[in-house]
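Below is one structure, written out as structure tokens; the observations come after it.
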Amino acid sequence: MPSPEPAPVSVDEHLAHILDSITELPAYDQPLLETLGLPVVADVPSPISLPVFDNSAMDGYAVVFRDVAGATPDRPVHLPVVGEIAAGQTTIYAMSPGTAVRIMTGAPIPAGCTAVVPLEATDGGIAKVLVNEAPTEGQHIRRAGEDVKTGDVLLRAGDRIDARRAGLLASVGIGRVSTRPRPRVVIMSTGSELVEPGSTLARDQIFDANSYLLAAAAKNAGAIAYRVAASPDDPETFVEMLSDQLVRADIVVTSGGVSKGAHDVVKEALSSLGTVTFREVAMQPGKPQGFGLVGEDGTPIFTLPGNPVSSYVSFELFVVPALRKMTGRLPLSRPLVRAKLTSSVSSIPGRRQFLRGRFEPKVGGSEVTPVGGAGSHLMNGLAQSNALIVLGEDVTRAEHGTDVPVMLLDRDF
């Protein structure tokens, strides 16, 4: 008598099993622009002050404040112009009372200068200048270190580098920073019926959408994606292709071939290894799941179901948190927000349901509209969605107007 099949595990149990096996990638110094989206692994102190030197905030004239303190349009002050300082000029001037130096934005302030008169408050003179509006003392002088002082911590460990932070690091001369690298993700579809987009379909063939879908999802998650041509339904060929790809993989993701059919090649090929666990997860879509370690280096492999919606939802729930753990990004999973349903939905008891939805933030309460049908093969509904409506294992129906948890798919976190 055959032994009963094990009960499905929960989504949380399967994710915990995965994350227990995932380790952070080793950090190393990388070029600044290669680190966008990645968190730094240690505090980053500034090697210099910013500004490095006192400089002008305006095009105008460097003056001694007391010389022009009483200037008005009716009683302008005339000063001889004794020089000019441009940004990047290496000669540093010193100026005397009773004179002016023409100065450009960003140029170093000459010794003795106590204010900068903007060009529009003068007649723009070259040999001599007429000042018709008095500045305040210290006006338009950017002081050295007023923004950043040497030793100030610019980024704390775990802070993620974005465009603004990259600009800050570059402004103090930091061109490389220590982060964990982007994970390399190899994407493999399986199925003899799969052909490349752009090919001509035979009667019993379909285009390989999953590998493009998952490769794009991996890139969106900050990884480097390598998409591999689909493997036919032959275990030996699949193992051979997989072995060839492990040299460039931090993670392998397959789709298809993990259910109970006669041609579920992934399950057949990997079951004998003893390092990949295939199980049913109490969720819809995406019930059949597999995860384990393969190859000499113990590369994590995710075997996802073949229906595209199931595959994508599985990637968001299980692969994305693993990728984020590899790079040290928190939180690991997408946070949930709340929204009101615009129409009623139903669910299967005992499974966590992830329904495609269109989320709209609104004043007074966000809304989410179910899109597409329930079928896990319906790509158009997936493409129209920007969120997943999450119904718990004990929920069988949620009525119009019900406040439900929603996972936003297009929002960075």
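Rounded to the nearest 20 debye, what is the charge dipole size of segment 273-413 about its Cα centre when +1 sits on each Lys and Arg Cβ and -1 on each Asp and Glu Cβ? Could you put the intermediate results ahead of the total?
Numbers: 15 positive and 12 negative charges, 36 e Å.
Charge dipole of segment 273-413: 180 debye, to the nearest 20.
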field: C-alpha center-to-center spacing [segment 193-259, segment 377-413] in angstrom
entry: 27 Å
query: Hey, rough spin-label estimate for residue 164 and residue 54, points 7 angstrom out along Cα→Cβ, what's it come to in nanometres?
result: 3.0 nm
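Can you give the relative contact order of segment 72-118 as a percent, counting alpha carbon pairs under 8 Å and 6+ residues apart? Intermediate results must be reported in sequence, preceding the final value.
Details: 53 pairs, mean separation 17.9, N = 47.
Rounded, it is 38 percent for segment 72-118.
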- line: Fewest-first ordering of 28, 93, 226, 61 by Cβ atoms within 10 Å yields 28, 226, 93, 61
- prompt: How many nm separate the modelled label positions at residue 200 and residue 17, each set 7 Å beyond the Cα in the direction of the Cβ?
  reply: 4.6 nm
- prompt: If segment 55-142 were replaced by its equivalent ellipsoid, with semi-axes equal to the square roots of 5 times the Cα gyration tensor eigenvalues, what would those be, largest first, whole Å?
  reply: 19, 12, 11
- prompt: Which distance in Å, rounded to a whole number, links the C-alpha centroids of segment 78-145 and segment 151-178?
  reply: 33 Å
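Is there a quick way to get the dipole size of segment 1-87? I mean about its Cα centre, with the Cβ of Lys and Arg at +1 and of Asp and Glu at -1; what is the value in debye to the nearest 20?
Details: 2 positive and 13 negative charges, 132 e Å.
That gives segment 1-87 a dipole magnitude of about 640 debye.
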query: If you take every DSSP beta bridge whose two residues both sit in segment 242-342, what share of them, in percent to the nearest 5, is antiparallel?
result: 70 percent
For peptides 356-364, 49-57, sequence by mean Cβ density within 10 Å, most packed first: 49-57, 356-364
- line: Computed over the chain, the relative contact order (Cα-Cα under 8 Å, seq sep at least six) in percent reads 16 percent
Share antiparallel - DSSP beta bridges, the chain, percent rounded to 5: 65 percent
task: Set the Förster radius R0 to 56 Å, insert the Cβ-Cβ distance between residue 348 and residue 149 as r into 1/(1 + (r/R0)^6), and round the FRET efficiency to 0.05.
output: 0.40
query: Which cross-chain or sequence-distant (5 or more) residues have an amide H under 5 Å from the amide H of residue 339, H modelled 1.01 Å from N in plane?
result: 404, 406
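Calculated from DSSP H runs of 4 or more alone, at -39500 (n - 2.57) each and per residue, what is the 222 nm mean residue ellipticity of the chain, nearest 500?
Details: 9 runs with 74 residues, N = 413.
About -5000 deg cm²/dmol.
No value in this document is a laboratory result; all are computed from the given coordinates. If you're wondering where the values come from, they're calculated on a predicted model, not measured in any experiment. In this analysis, Cβ positions are derived from the backbone assuming ideal geometry, glycine residues included, and neighbour counts consider all displayed protein chains.
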